[in-house]
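Readers should treat all values here as calculations from the given coordinates under stated rules, not as data from a laboratory. Source: prediction; values computed, not measured. Here the Cβ positions follow ideal geometry from the backbone for every residue, glycine too, while neighbour counts run over all protein chains shown.
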């Protein structure tokens, strides 16, 4: 049985926890306020989910989803994630996160920042450009005409392949952008951001992106 650690229990984290549990995964979810504050969520999700600290979620996960506000990314535990694939759902909202000069000056991306924080992990962009309310509703079987597509980016082929397989389980096609340095193409204010689109449309929107 695969165990997925989830660091962050906001809209995306809690939705993915529910979806993963429904698909037979063991889920260990954490937030910044402590496991006891997740009791209702875990009870609602059911059997295979449990609440833990961020360190415990990082340790328990065969792979781990990091879905915390960008301003908190440096609080993500490093050592227990060494050697693991880490899925990053983040986007930069200066209104929430404060201004970050390297991002304002287009010198890096949010996922590159997380990769630098986790030098021994394999970071991949995932689930960052879909509304949380659509993650469990917009999927469809493989081969469905017009199937919605989501993008990933990673410096690791293994991490990109894991995201591709996970997207398919949730009912989405995948468009691989390439390295983390290009993950800005699917972030806030770009044509592909939170727009329902099939693989061809997503590919076109990624090409239209301007930095």
Can you give the log10 of the normalised intensity I(q)/I(0) at q = 0.25, 0.30 Å⁻¹, computed with Debye over equal Cα scatterers of the stretch 33-94?
-1.17, -1.27
What's the FRET efficiency of residue 40 with residue 96 using the Cβ-Cβ distance as r and R₀ = 22 Å, to the nearest 0.05?
0.35
In deg cm²/dmol, rounded to the nearest 500, the helical mean residue ellipticity at 222 nm of the chain, built from -39500 (n - 2.57) for every DSSP H run of length 4 or more, is -8500 deg cm²/dmol
Beta bridge orientation in the chain: antiparallel %, DSSP, nearest 5:
10
Using only the Cα atoms of the stretch 3-46, build the gyration tensor, take square roots of its eigenvalues as a ≥ b ≥ c, and label the shape rounded, prolate or oblate: rounded if a/c is under 1.5, else prolate if a/b is larger than b/c, else oblate.
prolate
Binning at 10 angstrom from zero up to the longest distance, how are the C-alpha pair distances of the chain distributed in percent?
9, 37, 38, 15, 1
Counting other beta carbons within 10 Å of each residue's own, what order do 113, 1, 131 fall into, fewest first?
1, 131, 113
